[in-house]
1. Is it fair to say SER122 is polar (S, T, N, Q), outside any loop (DSSP other than H, G, I, E, B) and under 20 Å from GLN184 (Cα atoms)?
2. Pairs please, first residue from the stretch 21-33 and closer than 16 Å to THR247 by Cα, second anywhere and of a type in the set (A, V, I, L, M) and surrounded by 11 or more Cβ atoms within 10 Å (Cβ to Cβ), Cβ atoms under 6 Å, 6+ apart in sequence or on different chains.
3. Consider the stretch 178-221. How many of its residues are in contact with a Ser or Thr (Cβ under 8 Å, 6 or more places away or on another chain), touching a residue at least 60 places away in the same chain (Cβ under 8 Å) and among the aliphatic types (A, V, I, L, M)?
4. Applying the selection to the stretch 246-280, what residues are at pLDDT 95 or above and either at positive phi or outside any helix (DSSP H, G or I) (or both)?
5. Please go through the stretch 23-40 and pick out each residue that is surrounded by 15 or more Cβ atoms within 10 Å (Cβ to Cβ) and under 18 Å from VAL70 (Cβ atoms).
6. So is LYS66 touching a residue at least 40 places away in the same chain (Cβ under 8 Å), over 20 Å from GLY90 (Cα atoms) and not β-branched (Val, Ile, Thr) or not?
7. So, GLU274, is that one closer than 28 Å to GLU140 by Cα and of a type in the set (Asp, Glu) or not?
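The values are calculated or read from the model by the stated rules, or taken from the named source; none is laboratory data. All values reported here derive from a predicted model rather than from experimental measurement. For neighbour counting, all protein chains shown are included, and Cβ atoms are generated from backbone atoms with ideal geometry for every residue, glycine included.
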Amino acid sequence: MGVIDFRFRPVGTQSITPELTRGYLLKMRLDPAPPFERQDIDLMFQEMDEAGIEMGVVGVPAPTDKPGFVSTTNEVIADILNRYPGRFVGLGSIDTADPVRGLEDINHVLELGMVGLTVEPSTARVSMRFDDRRLYPIYEEAQRRGLFIITVMSALLGPYLDDCKPEWADHIAIDFPNLKVVIQHAAWPYSREAVGLCYKRPNVYLVPGQYIHCEFAGSEDYVKAANRQLSDQILYGSVYPNCGPLTEAMEIVDNLGFANDEIKHKYLEGNARELLGLKS
């Protein structure tokens, strides 16, 4: 058993350009991971093993016009899953720019072996909010099939800051009470609102990523929540390769201030195994 990294983009996939990755790393005062710089997948697996990462959850946005953002096709992700069984779990990207086509694509991504759906309307070619009524048929179908939805909400997406307000996910969690919603980047900078949403709605989960690991304002809100009210709803995601070397990311986790080993274990793998239906 090992760590389940709930936000991982292996060599061969990407959601932003290498130049933007380096810019983000510079702002966070992190060095690029050697496998990213060399685009060496074997070196990446060595790095994962050294950091104790058993499996990465791979999901990227659908086609986007946002500067610096790119997309990897579902077929490329499926190929990686097939070439490296047991190392990755795939999420199917749904193109919300065409919600009707997106609904039709659910069957296709499931045939490719995906276990959940990525829905990122704020970076889509037609921008909309997560609670846009045009997306409700997608959420309805995901709920019917027992699939979870992953979306990304943070200040760097947008186009507007309030696109990442947790209240949009609140609307979906209420209207689809049997649908599990995972918020990557944990709606930063609305950290307290995101924590409040999860406290209110047990079908919402947070993957704070760099916003818990890299001393952003509000990082402590996620740690406090994990230690008390939300120990079952906050998950580890490195945001690889936007995290620097994985071993350094794990050292950061060791010093975040989790109350005990049980809570740390839930953060690193227990909650992810429960959500993915994996053995614990």
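1. On the way: polar (S, T, N, Q): yes; outside any loop (DSSP other than H, G, I, E, B): yes; under 20 Å from GLN184 (Cα atoms): yes.
Judged against the criteria, SER122 is a match.
2. As it stands, the answer is PRO32/LEU25, since those pairs meet every condition given.
3. Residues in the stretch 178-221 being in contact with a Ser or Thr (Cβ under 8 Å, 6 or more places away or on another chain), touching a residue at least 60 places away in the same chain (Cβ under 8 Å) and among the aliphatic types (A, V, I, L, M): 1 in total.
4. Selection gives ASN255, LEU256, GLY257, PHE258, ALA259, ASN260.
5. Once the filter is applied, which keeps residues that are surrounded by 15 or more Cβ atoms within 10 Å (Cβ to Cβ) and under 18 Å from VAL70 (Cβ atoms), the stretch 23-40 yields TYR24, LEU25, PRO32, PHE36.
6. Yes, satisfied.
7. On the way: closer than 28 Å to GLU140 by Cα: yes; of a type in the set (Asp, Glu): yes.
Yes; evaluated as a whole, the condition is true for this residue.
Table: residues versus (1) at pLDDT below 95; (2) over 15 Å from VAL181 (Cβ atoms); (3) not β-branched (Val, Ile, Thr).
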| residue | (1), (2), (3) |
| --- | --- |
| LEU103 | yes, yes, yes |
| GLY116 | no, no, yes |
| ASP132 | no, no, yes |
| PRO137 | no, yes, yes |
| ILE149 | no, no, no |
| ALA155 | yes, yes, yes |
| LEU161 | yes, yes, yes |
